[in-house]
1. Could you list, in sequence order, the residues of the stretch 141-158 that are modelled with pLDDT under 90 and within 15 Å of SER349 (Cα to Cα)?
2. Could you please let me know if ALA60 is more than 24 Å from GLU275 (Cβ to Cβ) and touching a Cys at 6+ places or on another chain (Cβ under 8 Å)?
3. Tell me, which residue of the stretch 116-134 that is at pLDDT 95 or above and more than 21 Å from PHE216 (Cα to Cα) is nearest to the chain's Cα centre (by Cα)?
4. With the structure loaded, tell me whether ILE265 is within 21 Å of VAL157 (Cα to Cα) and in contact with a Gly (Cβ under 8 Å, 6 or more places away or on another chain) or whether it fails that test.
5. Checking ARG379 against (1) surrounded by 15 or more Cβ atoms within 10 Å (Cβ to Cβ); (2) out of contact with any Phe, Trp or Tyr (no Cβ under 7 Å at 6 or more places or on another chain), only one condition comes out false. Which one?
6. Can you pull out the residues in the stretch 185-202 that are closer than 16 Å to PHE253 by Cβ and in a strand (DSSP E or B)?
7. Can you find a residue in the stretch 111-130 that is within 22 Å of ASP196 (Cβ to Cβ) and surrounded by 15 or more Cβ atoms within 10 Å (Cβ to Cβ)?
8. ARG136 passes all but one of (1) assigned by TED's automatic domain parsing to the domain that holds SER175; (2) under 19 Å from LEU194 (Cα atoms); (3) basic (Lys, Arg); which number fails?
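The values are calculated or read from the model by the stated rules, or taken from the named source; none is laboratory data. As the structure is a prediction and not an experimental result, all values here were calculated from the model. Neighbour counts run over all protein chains shown; Cβ positions are idealised from the backbone, glycine included.
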Amino acid sequence: MKPTLVFLTHVLNNAIVDGFIPAAQALNHDVIVLTDHGHAHQQALANVRVHECDVFNPIAVIDLIAALNIEPQAVFSNSDHLQTCTALVADLLGVPAKPWKICYHAKNKHWMRKRLESLGLPTIWSQTIRGTDPVRSEWPYPLVVKPTQGVASMDVVRIDTPAQLTHHLAQLDESQSVLLEEFMDGPLITLETLGDGKHLHSIGGFDVSLSSPPYFVETAAQWNGPHTRQWRTHMAHTLVQFGVGLGACHSEFIVTPRGPVLVEINYRSIGDNREFLLDQLVEQGWFKSILQTHLGQEIEVPRVKPRCAQIDYLVAPHAGTLRQAPRIENNAAVQYRAIKQEGDAIQISHSNKDYIGVFTFQADSESELQHLRTETQNRAPWSVQ
């Protein structure tokens with residue numbers, strides 16, 4: 001009988017369907033998926049056992065695993081929302097587990113700021129506030145308003161004045177709380193790490209381009225750009241001090257005059273198609289290596305191919321209908337993954353939900369990479385009307 005690997009999932013996503021589950025099967029493991037979106041997963045995973053479960057409740061997950069009479073070798077999730085629950089379940093079952101407190105501190109941005117402050121690590125002014133709380137003129141405007149447990153720049157906006165903040169808070173439910181943070185002006189960079197519980201390996205990172213204020217939609221990501229190369233060791237040190245260890249972690253920093261300061265820690269693999277780029281760049285395989293850490297297996301120091309690479313996101317400029325989508329033939333140098341199809345209605349959320357599709361470019365040199373990008377833009381037009 002094959003060993004079993006249990007996945008906890010929330011909404012259906014490509015990383016699980018096209019990345020992690022095939023990697024688990026390649027490692028010769030039976031796969032069981034527990035999810036609160038059972039129908040969608042059953043349709044996408046015809047040859048995988050899928051069970052409906054309240055995956056936000058660790059007791060419900062543990063009870064279902066017991067009822068299924070299985071003893072998994074690993075319990076894994078790539079969902080931002082499920083890291084704490086997954087850590088609790090894995091720990092109770094005696095399989096490799098992330099520290100659940102670190103998972104929670106990473107996910108909840110208010111607690112992340114408190115932990116950074118308690119450890120003496122670089123951080124910024126922040127405060128939680130509800131819609132009915134008074135607005136103070138002495139706060140360090142401009143501010144960034146964000147959900148304490150948000151993802152993907154959803155509902156994140158820059159606020160320049162007390163009047164703007166008052167108007168913004170008036171749109172919230174009275175009981176809803178948000179996090180206010182001092183705005184950091186500087187380049188956005190990421191660090192992608194992989195840990196086996198003993199060593200934290202820095203894989204590399206991205207220099208990220210953003211949309212114009214007041215929103216923060218990621219429009220492009222340059223693999224191992226100049227800012228990432230300069231600050232890579234510094235960022236890794238911050239994560240080790242914070243407590244990041246087992247498995248994959250995707251962290252974002254702003255480069256300020258005093259060095260990189262954390263924006264957020266996503267204690268799972270990077271997404272938005274960059275995980276598939278990493279799977280091509282990491283010689284041992286990105287998805288496979290991550291699962292091996294959760295299976296308690298020793299991993300080699302990840303070997304990363306010395307390639308230039310960039311991700312370009314096609315961001316809908318306005319609401320409407322996708323009338324023309326890019327048409328290219330994928331190859332080793334240029335790949336396109338469609339998110340929206342021709343005829344799809346487009347609504348604007350000022351987040352990665354506005355993506356039409358994703359281009360991935362790889363080349364041996366920076367000049368060749370930029371040539372590929374320009375050539376592709378000229379021969380693959382698209383439009384929203």
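1. Our first condition is that a residue be modelled with pLDDT under 90; within the stretch 141-158, this holds for 147-155.
Of everything in the stretch 141-158, those that are modelled with pLDDT under 90 and within 15 Å of SER349 (Cα to Cα) turn out to be PRO147, GLY150, VAL151, ALA152, SER153, MET154, ASP155.
2. Values: more than 24 Å from GLU275 (Cβ to Cβ): yes; touching a Cys at 6+ places or on another chain (Cβ under 8 Å): yes.
So ALA60 fits the description; yes.
3. Top of the filtered list is LEU116.
4. Values: within 21 Å of VAL157 (Cα to Cα): yes; in contact with a Gly (Cβ under 8 Å, 6 or more places away or on another chain): no.
Taking the combined requirement at face value, the residue does not satisfy it.
5. Condition not satisfied by ARG379: (1).
6. Step one: filter the stretch 185-202 for residues closer than 16 Å to PHE253 by Cβ, giving 185-193, 200, 202.
Residues satisfying the conditions are LEU188, ILE189, THR190, LEU191, GLU192, THR193, LEU200, SER202.
7. First, pick out the residues of the stretch 111-130 that are within 22 Å of ASP196 (Cβ to Cβ): none.
No.
8. Every condition holds for ARG136 apart from (2).
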